[in-house]
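Participant: Sharing a structure, written as structure tokens. Questions coming.
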Amino acid sequence: MKAVQATAPGKPFVLAECPIPQPGPREVRVRIEACGICHSDMFVREGLFPGIAYPRIPGHEVVGTIDAMGSEVRDWNVGNRVGVGWHGGHCFTCSACRSGDFLLCARGKVTGISGDGGYAEFMTAPQEALARVPDGMDPAEASPLMCAGVTTYNGLRHAGALAGDLVAVLGVGGLGHLGIQFSHAMGFRTVALSSGPDKADLAHTLGADAYIDMKAEDPSQALQKMGGARVILATAPNSATISRLIDGLGRNGKMVLLGVDSQPIQVSPLQLIGGRKSVTGWPSGHALDSEDTLNFARKTGIRAMVERFPLARAEEAYQVMIGNKARFRVVLTI
């Protein structure tokens, strides 16, 4: 089969001929239709995740069809459309798994890191990592929902906001354009925040009730004029900008961090204690979370905006993504 490999940290991706993988007893083999290129694929490209064995096939935003199954696989059939996300399996026995918190499994696997992922024509995945993909969904539009989508959807639905509450989405990019759509579809009063006026029309088209240009006005003051945000969904990986927004939270407000930045956030206890405010992080989700995301998106008409590349142009596609040259999501179509 054709596959794209990371051969060593920091090296360009290489298109190679690899053996078609065979599923283990509790695994399926997926004939891949599309795989999104996520910013987290940088962990493989640059060797930033401990324990990666090279060569490694990256990719954790996978949509395809089951074409072979192991002898102990249950509840799945050849021909089922499935997705595989960041969550690549769990142990079932650690304290997190015994509590049903599979994403935080102490021995959890990551698709495209613990084993080979979706930059290929085929991959294998454990049965517990599979999400059912609704009929009729474009695989290239569905694949980003397996990471970017489930991260924003899951972060919002667990943030404690109720329909009608003010939810601010920081960023109108790869994560943010989905966050705005999910927030609107969930019934929140949705405010989009970005730097400059150029994304205002797009934000309104995606469902934002208001737009704040952070270059033109103080965003925290603007949010307070609206009553203060019950939730700020921080999709932009910029700790300095996130720090500016803490004072935009209303009482019991929660800052939910999705975008990853290595720099510290600046916040004082005084900013949090008086209004019972909090700052929290949210990872993606397990397979059923991804399935919920796909079904909700299908029902409400939420769509990822994607740029498509063939597998052979994976290196170019990665550079488009990592250089922020893509407007939203980059997807390999297989």
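The values are calculated or read from the model by the stated rules, or taken from the named source; none is laboratory data. A quick note: this is a predicted structure, and the numbers were derived from the prediction, not measured. Cβ atoms come from the backbone with ideal geometry, glycine included; neighbour counts cover every protein chain shown.
Participant: LYS254 is checked against (1) in contact with a Ser or Thr (Cβ under 7 Å, 6 or more places away or on another chain); (2) more than 27 Å from GLY85 (Cα to Cα) and fails just one. What number does that condition carry?
Facilitator: Result: LYS254 passes all but (2).
Participant: Right, another one. What are the residues in the range 318-334 that are part of a helix (DSSP H, G or I) and crowded, with 20+ Cβ neighbours inside 10 Å, if any?
Facilitator: TYR318, MET321
Participant: Please go through the range 291-317 and pick out each residue that is out of contact with any helix residue (DSSP H, G or I) (no Cβ under 7 Å at 6 or more places or on another chain), of a type outside the set (D, E, K, R) and not in a loop (DSSP other than H, G, I, E, B).
Facilitator: If the condition is that a residue be out of contact with any helix residue (DSSP H, G or I) (no Cβ under 7 Å at 6 or more places or on another chain), of a type outside the set (D, E, K, R) and not in a loop (DSSP other than H, G, I, E, B), then ASN295, PRO310, LEU311, ALA312, ALA314, ALA317 are the ones that fit.
Participant: Hey, among the residues in the range 85-105 that are assigned to a loop (DSSP other than H, G, I, E, B) and among the polar types (S, T, N, Q), which one's surrounded by the most Cβ atoms within 10 Å (Cβ to Cβ)?
Facilitator: Among them, the one singled out is THR93.
Participant: Also, I was wondering about something else. Can you find a residue in the range 43-60 that is buried (at least 17 other Cβ atoms within 10 Å of the Cβ), touching a residue at least 12 places away in the same chain (Cβ under 8 Å) and more than 13 Å from GLY112 (Cβ to Cβ)?
Facilitator: There is no residue in the range 43-60 that is buried (at least 17 other Cβ atoms within 10 Å of the Cβ), touching a residue at least 12 places away in the same chain (Cβ under 8 Å) and more than 13 Å from GLY112 (Cβ to Cβ).
Participant: Just the residues that are of a type in the set (A, V, I, L, M) and assigned to a loop (DSSP other than H, G, I, E, B), please, taken from the range 106-141.
Facilitator: Those that are of a type in the set (A, V, I, L, M) and assigned to a loop (DSSP other than H, G, I, E, B): ALA106, ILE113, VAL133, MET137.
Participant: Sticking with this one: Look through the range 301-329, keep the residues that are aromatic (Phe, Trp, Tyr) and out of contact with any Phe, Trp or Tyr (no Cβ under 7 Å at 6 or more places or on another chain), and return whichever of them is modelled with the highest pLDDT.
Facilitator: That would be PHE309.
Participant: Residues in the range 146-171 that are within 21 Å of ARG308 (Cβ to Cβ) and either in contact with a Lys or Arg (Cβ under 9 Å, 6 or more places away or on another chain) or part of a loop (DSSP other than H, G, I, E, B) (or both): how many?
Facilitator: Final tally of qualifying residues: 2.
Participant: How many residues, within the range 25-51, are more than 24 Å from ASN324 (Cβ to Cβ) and at pLDDT below 95?
Facilitator: Going through the range 25-51 one residue at a time, the tally reaches 2.
Participant: Please work out which residue is nearest to VAL4 (Cα to Cα), limiting yourself to the range 115-139 and to residues that are surrounded by fewer than 23 Cβ atoms within 10 Å (Cβ to Cβ) and either at pLDDT below 95 or under 16 Å from the mean Cα position of the chain (by Cα) (or both).
Facilitator: Top of the filtered list is PRO139.
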